[in-house]
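The structure appears below as structure tokens.
The values are calculated or read from the model by the stated rules, or taken from the named source; none is laboratory data. These numbers were taken from a predicted model, which means no experiment stands behind them. FYI the Cβ positions are ideal-geometry reconstructions off the backbone, even for glycines, and counts take in every protein chain you see.
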Amino acid sequence: MPSHTQHAHYPPDKRPGCGGIALMLGIMAVLSIALILVITHNDPARDANQRLVKSGPLAVNALRAGDCVHLDSRTEIDGLTALPCAEPHSAQVITTGSLPEGEYPGTTAIASMVDNRCAAAFDRALQGNLAYDVLTFAPTDLAWHDRGYSCLVVRTDGSDIIGDVALVTG
């Protein structure tokens, strides 16, 4: 009875299972690159003035003043699709900005800062038009590193907007 276990020694290119692992890693690399290309080429197209000319998914932190979007919900932002303003849309961005650097001040302080900025932008853009209301996107503690916020207008009756509402930049 042997006192130790013997191991088979194979040359590096002849080990059992190595070809399958290498093939799997190669497939995973190709799929990862393809996914990156789909994500980066799926952004909505913009013209020379940076206005949307083609629909597509858009991250909240990529919103720009004047962007028109379709929201799946007014409380969840996972379903954000940007589209040209000539198409029916549920909201339009009237301004975006960044909150001051520093430690995360808490949900209440963030809401107050963003609400004040968005109310001022709404008053400048729509001068108190009662057919519209303000919808805000503000950073959470998990997204505080970005500090970006967006102010959007929606119709108070929930109907779609067609065309471009007044625009505020800054």
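Would you mind stating whether residue 128 is in contact (Cβ under 8 Å) with a residue 60 or more places away in the chain, assigned to a loop (DSSP other than H, G, I, E, B) and exposed (fewer than 12 other Cβ atoms within 10 Å of the Cβ)?
It is false that residue 128 is in contact (Cβ under 8 Å) with a residue 60 or more places away in the chain, assigned to a loop (DSSP other than H, G, I, E, B) and exposed (fewer than 12 other Cβ atoms within 10 Å of the Cβ).
Name the one entry in 55, 32, 112 that is surrounded by 11 or more Cβ atoms within 10 Å (Cβ to Cβ), modelled with pLDDT under 90 and of a type in the set (Ser, Thr, Tyr).
Numbers: 32 fails: surrounded by 11 or more Cβ atoms within 10 Å (Cβ to Cβ); 112 fails: modelled with pLDDT under 90.
After applying the criteria, what remains is 55.
Within segment 147-164, which residues are touching a residue at least 60 places away in the same chain (Cβ under 8 Å) and in contact with a Leu (Cβ under 7 Å, 6 or more places away or on another chain)?
150, 152, 153, 154
Failed condition for residue 147, given (1) more than 19 Å from the chain's Cα centre (by Cα); (2) surrounded by fewer than 18 Cβ atoms within 10 Å (Cβ to Cβ), with all others met?
(1)
Go through the residues of segment 90-100 one by one and say whether even a single one is at pLDDT 90 or above, assigned to a loop (DSSP other than H, G, I, E, B) and not hydrophobic (A, V, I, L, M, F, W, C).
The answer is yes; a qualifying residue exists.
Could you tell me which residue of segment 64-81 is surrounded by the most Cβ atoms within 10 Å (Cβ to Cβ), considering only residues that are part of a loop (DSSP other than H, G, I, E, B), out of contact with any Asp or Glu (no Cβ under 8 Å at 6 or more places or on another chain) and modelled with pLDDT under 90?
77
Counting only residues that are within 18 Å of the chain's Cα centre (by Cα) and of a type outside the set (S, T, N, Q), how many does segment 86-113 have?
Count: 6.
Filter segment 150-164 for residues that are in contact with a Cys (Cβ under 8 Å, 6 or more places away or on another chain) and surrounded by 15 or more Cβ atoms within 10 Å (Cβ to Cβ); which is modelled with the highest pLDDT?
Ranking the qualifying residues of segment 150-164, first place goes to 151.
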